[in-house]
Every structure is written in C-alpha cells, then in structure tokens.
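Below is one structure, written out as structure tokens; comments come after it.
The values are calculated or read from the model by the stated rules, or taken from the named source; none is laboratory data. This structure is a prediction, so every number in the text was calculated from the model and none was measured. As a convention, Cβ positions derive from the backbone with ideal geometry for all residues, glycine included, and neighbour counts pool all protein chains shown.
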Amino acid sequence: MVKRWFNRAIFASCLCIGVVQIAYAQEVRLVGNKVETFINDGDQPSRLTSLVSAALEKTPHEITATTQAWSGSGLRNGQFDGYIDHYSLNDPKQNYIHSAPYVQLFLHVASTESRASNISRLDKLNRQRVGLETRFANTDQVRSERSVSWARTQDFFNNIKQLAEGRVDYIVADKVMLDEMNKKLVAVGQETLYIAAQPIFTVDVSLAMRSDYGKAQQIIESFESGIQALRDSGRYEEIYLPDSGAESILDAIIYEEMIKRW
C-alpha cells in the first residue's frame, strides 16, 4: 500500500513538473505594425523583427506583423502579450512594462529642393505642408505640433510619392529609408533627395509587455540582455543596418513606375 502511494506520488510529481515545463515553453506572442523593410511578413525585408527575434533567440516566441487596428485589438483581448514597436513620440502606455530603447530612428526633413538641407527645426517649416507617415503623425508628441500642416500617408512609399507628385514640398522620414531611396535614384541616374544634416525628431523604440502577463519582467530582462549580446558581438549592425554599399532594399517593382516619373 505504501509502495503504491509512493508510485502515485512520483507520477503526480512528474506530471506537475511536465505541466510547468510546458507552460514555461509556451511561446511569447508579440506583434508589430507593418513597416516597409522594418516589420513585414512574407519574403520582404523585416529588420526590426529580425533584431527582436535574434535578441530573444533563447526564448520561444512568435512575432506577428499586422495593421495598427489589428495589433491594438489583439493586445486588448489578450491575443498578444506585447509589442515590439513602442515609439517615444507616444507617452508610455499604462499597464505595460517597457524595455530600454533598443533602436533609434532619426527623422530628417527631405525634399527635391536644396533648401531642405539646412532645416533641422520645426519652426523652419511653419505653415508648410509636410509629408509624414501616420505611424509618426498619430503620436502624442507630433499631434501637439500645430505649426506644421502634416500630410499624413500610410507608408514610406506614399510619402515619397506625394513629394514626387508635388503635393508637398517637404517630407519628414527615417534617415535610413531616405538613404535607401537615394540609392535607387543614383542607380537610374536621377537627382537624389536633399536631406537635412540634423534630425527633426529622434525616436526611441522599445519592446513593451503587458504588465498582466506573468513573465513580462523576465522577458524584458532577457530581451535587454540579448540586445547587449548582439551589440557586443557585432551582429546588431549586421541585422539592423542595411549595407551602405549594397543595392537598395526598397522593393524595385513597387518603386519602378514612380522613379520613371521622378
């Protein structure tokens, strides 16, 4: 009788350990809003997603690229445990734990006109109509800027397109993407964009975990350690920054027609 009870106890203990291990191995469900070359699905470049995945390579996880509406509802209903793209242009969200910034985006003024090269303050764009992606325009900080008439667009391509079509005189965009656009223009013998020497905005990007997710702090700490390891090994730049000497990572098919009319 004692032996049978002992065997049952061992079985129950093993079963309990197994359940704990399964729970521990559950994937962390993360989400990010689709951004050209940064957060994508399919075969498109997705450098921010790749960077987060590399930092969390020892943690089972999945990252879904979707729209802002779907990511927001998914976070609210518990479909996702956190998101990879909190911008410092937004106030920190309540009920979330944020990592230290792991990427900085430098938003510069650009134009087909040379005067853009010296614009590094918003007051120099007073009453001007300026193109800006909605991911930046619909933030707490930018919404408070009343002196500029922002021409909002869904993505970088349409921001560039409205400049090419003369619907705006200036755009504000991520310097990395502007440099990639200039690569394409150089490749076809077109005049490049004039880009301001200094950024208008510097945007810190953080990982944010729902505070009601049981392992939120553990994931944040593991992620920050992973990012530091990537920096120490030199893999950070390899994953995140495009090679300055390589061809543009912008999709040639999407940009081809616009560049012909540049």
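Below, the figures for the structure above:
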quantity: Residue match in segment 90-105 (condition: hydrophobic (A, V, I, L, M, F, W, C), surrounded by fewer than 13 Cβ atoms within 10 Å (Cβ to Cβ) and within 16 Å of the chain's Cα centre (by Cα)); calculated: yes
quantity: Candidates Lys175, Lys93, Lys161 - the one that is touching a Phe, Trp or Tyr at 6+ places or on another chain (Cβ under 6 Å) and either of a type in the set (Lys, Arg) or modelled with pLDDT under 95 (or both); calculated: Lys175
quantity: Residue list for segment 135-158, filter: in contact with a Phe, Trp or Tyr (Cβ under 8 Å, 6 or more places away or on another chain) and β-branched (Val, Ile, Thr); calculated: Thr139, Val142
quantity: Single unsatisfied condition, Leu89 versus (1) of a type in the set (A, V, I, L, M, F, W, C); (2) not assigned by TED's automatic domain parsing to the domain that holds Val172; (3) not in a loop (DSSP other than H, G, I, E, B); calculated: (3)
quantity: Residue in segment 230-250 that is closer than 24 Å to Ser71 by Cβ and part of a loop (DSSP other than H, G, I, E, B) present; calculated: yes
quantity: Test result for Ser120, of a type in the set (S, T, N, Q) and closer than 17 Å to Val176 by Cα; calculated: yes
quantity: Residue selected from segment 144-177 under the condition of a type in the set (Lys, Arg) and in a helix (DSSP H, G or I), by the criterion surrounded by the fewest Cβ atoms within 10 Å (Cβ to Cβ); calculated: Lys175
quantity: Index of the failed condition, Ala252 passing every other in (1) within 23 Å of Leu132 (Cβ to Cβ); (2) more than 17 Å from the chain's Cα centre (by Cα); calculated: (1)
quantity: Criterion violated by Tyr213 - all others in (1) of a type in the set (Ser, Thr, Tyr); (2) more than 25 Å from Asp81 (Cβ to Cβ); (3) in contact (Cβ under 8 Å) with a residue 40 or more places away in the chain satisfied; calculated: (2)
quantity: Residues located in segment 234-262, provided they are exposed (fewer than 10 other Cβ atoms within 10 Å of the Cβ) and of a type in the set (Gly, Ala, Ser); calculated: Gly234, Ser244, Gly245, Ala246
quantity: Counted residues, segment 178-210 - those being part of a strand (DSSP E or B) and either modelled with pLDDT under 95 or touching a helix residue (DSSP H, G or I) at 6+ places or on another chain (Cβ under 7 Å) (or both); calculated: 5
quantity: Residue within segment 205-220 that is hydroxyl-bearing (Ser, Thr, Tyr), closer than 18 Å to Val103 by Cα, touching a Phe, Trp or Tyr at 6+ places or on another chain (Cβ under 7 Å) and surrounded by fewer than 20 Cβ atoms within 10 Å (Cβ to Cβ) present; calculated: no
quantity: Residue within segment 135-143 that is part of a helix (DSSP H, G or I), of a type in the set (Val, Ile, Thr), touching a strand residue (DSSP E or B) at 6+ places or on another chain (Cβ under 9 Å) and farther than 18 Å from Glu36 by Cβ present; calculated: yes
